[in-house]
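S.K.: So that we are looking at the same thing, I have put the structure below in structure tokens.
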Amino acid sequence: MLPVGTVNQTQVRPVGAASRAPSHAFWFVAGLAGFSVVLCGFAPSYFLRHWFRTTPLPGLLQLHGALMTSWFVLFFVQVSLIARHRIAVHRRLGIAGAMLAGIIVVVGTITALRFLRSNLHASPGFGPPAPEFFGFLLFDLYVFGGLVASAILLRKNGDAHRRLMLLATLSMISPGVIRIPFAQLAPGLAFLGSGGPGGLFALDLLLLYACIAYDIWRTKRIHPAFVVGGASIAFGDSSALAWLVHTSAWQHFAARLVS
């Protein structure tokens, strides 16, 4: 028999996978790591452009950068709201988040098409030729949109929702990775930008793998959202997509889009 006023710990201790679920700090730190990559990659051309560049940045690119940055800010705010148990505010702000995601996809598509039209017959100055780079941009953009849409549809499933939102956020960082001059900063780490064997070891994917590994360690299983969403993101950096956007069919398709 328990003494009066003593709480039976076996009655209140969480059990099962829920007791091992990653804390709110995990989602915040994972998002912060992704945003740090974006900051490093886009510092010279966007965040710290005033100190690196003298030419003005076109308005469309300013809007695109502001929207993408706003998504990360929203992600951090939403994680903080959940940590503070302000569920009602989180849900109301989620409506704005869904609208923001839709705007990001639309503006991102227009930006990618403008880029393709301007660089179709010239090297963009980094990465692969314009039609191929356009393919990577478009794929990442619609993976982001698909992950956000899935998270919204599964919003009543908290475990799936939070993982899909994290994946959507991490799917946005690969353009930042390719802009970090790893070969100049540390030649031995050049594979972090190129992806290494099969294109599966770029910095953004290593961060994704770390998140999945930590989640498995805490929950003792791999969540289906990480399987499907993680595979979608990994395909975007893989040699399979590189082969696809290098085909003559894609090159012709890209040229027709801006003709």
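No value in this document is a laboratory result; all are computed from the given coordinates. Small disclaimer: the values here were computed from a predicted structure and weren't measured. Here Cβ is always computed from backbone atoms with ideal geometry, including for glycine, and neighbour counts include all displayed protein chains.
S.K.: Can you give me the angle between helix 130-153 and the longest principal axis of the chain, using Cα atoms only, in degrees from 0 to 90, rounded to the nearest 10?
M.R.: Orientation of helix 130-153: about 20 degrees from the principal axis.
S.K.: Then there's this: Relative to the first principal axis of the alpha-carbon coordinates of the chain, what is the inclination of helix 203-219, with its axis defined by its Cα atoms, in degrees from 0 to 90 and to the nearest 10?
M.R.: 10 degrees
S.K.: Let me ask another. Just subtract the alpha-carbon distance of Leu63 and Lys220 from 0.36 nm times their residue separation and send over the number in nm, one decimal. Intermediate values should be presented prior to the final figure.
M.R.: Values: separation 157, 0.36 × 157 = 56.52 nm, distance 4.17 nm.
So the chain would gain 52.4 nm between Leu63 and Lys220.
S.K.: Moving on. For segment 62-127, what D do you get in µm² per second when you plug the Kirkwood radius from alpha-carbon pairs into Stokes-Einstein at 10 °C and 1.306 mPa s? Walk me through the intermediate numbers first.
M.R.: Values: Rh = 13.8 Å.
Estimated diffusion coefficient is 115 µm²/s.
S.K.: Determine ³J(HN,Hα), in whole Hz, for all residues of segment 38-52 in sequence, where each value follows from phi through the Karplus function 6.51 cos²θ - 1.76 cosθ + 1.60 and θ = phi - 60°; x replaces Gly and Pro.
M.R.: Coupling constants for segment 38-52: 5, 4, 5, x, 9, 4, x, 9, 9, 5, 10, 4, 4, 8, 10 Hz.
S.K.: Tilt of helix 248-257 relative to the longest C-alpha principal axis of the chain, in degrees (0 to 90, nearest 10)?
M.R.: 90 degrees
S.K.: Report the Cα-based extents of the chain along its three principal axes, largest first, to the nearest Å.
M.R.: Cα extents, longest axis first: 81, 38, 37 Å.
S.K.: Give the calculated FRET efficiency between Val73 and Gln184 to the nearest 0.05, with a Förster radius of 35 Å applied to their Cβ-Cβ distance. Please list the in-between numbers first.
M.R.: Details: r = 30 Å, r/R0 = 0.86.
About 0.70, to the nearest 0.05.
S.K.: Just to verify a number: FRET efficiency for His50 and Arg114, C-beta to C-beta distance, R0 = 22 Å, to 0.05?
M.R.: Numbers: r = 23 Å, r/R0 = 1.04.
The formula returns an efficiency of 0.45 here.
S.K.: Compute, for the chain, the length of the dipole vector about the Cα centre, with Cβ point charges of +1 (Lys, Arg) and -1 (Asp, Glu) only. Units Debye, rounded to 20.
M.R.: Here the size comes out at about 780 debye.
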